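Read the figures in this text as sums done on the coordinates, not as results from a lab. Every value quoted in this text rests on a predicted model; they were computed, and no experiment measured them. For neighbour counting, all protein chains shown are included, and Cβ atoms are generated from backbone atoms with ideal geometry for every residue, glycine included.
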């Protein structure tokens, strides 16, 4: 890792205390806030949480080989607060706030990197779009991508600090719930390419309206690279209105309904839960390359140098004064659902900016695999499970129900509360219940306080054959399943498990796996 103790001190400020024969030129190996993950030559940041004070582990991380601890307490203060001796402390950097120091370190380190960074945000589909983009770019680049849910003001800096010399591109997921957060994330990530998947109805509790969500998500542009590029969903009414961003026209992807879309997807043949075949169309102008490749060449800096060899046309890549031609790519998307097919268009849009060939784009899409908790299809002996319990909002709930409706077996939906929906929460939960019943789901199990409104709306669909049941808590559901599983979930069923992350529905998934 090309990062020294002296540079860390310069990035964070504070007071650097070096002990032993350690110098400011000492290179570090890694950065973590988890004492269990400290590596030889690594840096440990002692953060203070609601339940655990990281300062109590400072002595132990030096025993594991840490070269520096970043602390917001002096050894004396840490010892007094935690009751753990500070006698074995090694070199440390004393700062006002360790979480801010983490962000400062990431921002400084990002400034040292010359690789393209793709930043991804949106109300729905950030993680799956990240996976598509990373899979496609991996056909040409050595890609570092966000792991798990590391997409907030702790996860993004930790992701950036994982970039190493062997990486030639990074794909960073960026999630928010309030104004100002994306501004701070953008300041650290400084994306070369910004991708926004859509503007939906998540985090309405703080952002209030879709216009508020658009404003908050658009903060990703605040620290975009000077010649950065933007890829947007042309089928989203809020995003399609963004015709110019920092003096440049964005690149749009979608279903072909918007004439501004440069990358479109069509001729979709669904194979149900086992994915889809489709055709990607990339619009090109003249013989110099696609719009997106031309824009990349014009925007190129050291990170985009390889793209410049493509012979792309000069200018911003938006001129239509030459004949328009189209390039078509036949693709297979191994994940189910139309929304997954759309993700392939987003990935192709980014890939074109970074100079990938049609063959590389198609190969990368074929290799995409599901993430646990995200439309993860699990074949069990008695059931087919759709594990989509990582998170939920109205749009992703409807997409998951649509996916379940593709099954040719008995269809069971276990749906829980969606969080952070603000004053419209009751109505939005009711909307999902009615939607699931109208979609022909055979059994709808509604779980949680807000899910009561989902249950009532499902029962109100008198024309539907759906059978709705209600459980006030996850524990109540698990007890019922333990008592008589087949009463609620007939053997051979396809079962969707989905709720907001805080509902901890992974326990339900594990229950079925045990069965």
Rounded, prolate or oblate (a/c below 1.5 giving rounded, otherwise prolate when a/b exceeds b/c) for region 104-163 by Cα gyration tensor: oblate
Using a ≥ b ≥ c from the Cα gyration tensor of region 89-246 (square roots of the eigenvalues), is it rounded, prolate or oblate, where a/c under 1.5 gives rounded and otherwise the larger of a/b and b/c decides, a/b for prolate? oblate
Let me have the relative contact order for the chain, percent, based on Cα pairs under 8 Å that are six or more residues apart. 10
Over region 5-96, what lengths in whole Å, largest first, do the semi-axes of the equivalent ellipsoid take, defined as the square roots of 5 times the eigenvalues of the alpha-carbon gyration tensor? 19, 14, 13
So if the hydrodynamic radius of region 376-514 is defined as the Kirkwood radius over C-alpha pairs, what does Stokes-Einstein give as its diffusion coefficient at 25 °C and 0.890 mPa s, in µm² per second? 170
Could I get the Rg over Rh figure for the chain? Both from C-alpha atoms, Rh via Kirkwood, rounded to two places. 1.01
Order by protection proxy (mean Cβ within 10 Å, highest first), peptides 454-461, 492-499, 165-172, 229-236: 229-236, 492-499, 454-461, 165-172
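Show that you can apply the helix-only estimate: for the chain, add -39,500 (n - 2.57) for every DSSP H stretch of four or more residues, divide by all residues, and state [θ] at 222 nm to the nearest 500.
The per-residue figure over the chain is -9500 deg cm²/dmol.
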Taking R0 as 41 Å, what FRET efficiency do you get between residue 484 and residue 205 from their Cβ-Cβ distance, rounded to the nearest 0.05? 0.65
In nanometres, what is the gap between the two model label sites at residue 330 and residue 475, each 7 Å from Cα along Cα-to-Cβ? 5.6
Would you mind computing, in nm to one decimal, how far apart the modelled labels at residue 423 and residue 271 are, each placed 7 Å from Cα along Cα→Cβ? 4.9
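Specify whether the C-alpha gyration tensor of region 1-52 places it in the rounded, prolate or oblate class, a ≥ b ≥ c being the square roots of the eigenvalues: rounded for a/c under 1.5, otherwise prolate if a/b is larger than b/c and oblate if not.
Prolate, because a/c is 1.5 or more and a/b exceeds b/c.
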Which value results when the Cα radius of gyration for region 213-290 is divided by 2.2 N^0.38 Å? 1.30
FRET efficiency for residue 81 and residue 25, Cβ-Cβ distance as r, R0 = 30 Å, nearest 0.05? 0.40
Given 69-75, 209-215, 273-279, the highest-first ranking by average Cβ count within 10 Å works out to 69-75, 273-279, 209-215
In Å and whole numbers, how far do the C-alpha atoms of region 363-446 stretch along each principal axis, longest first? 43, 29, 19
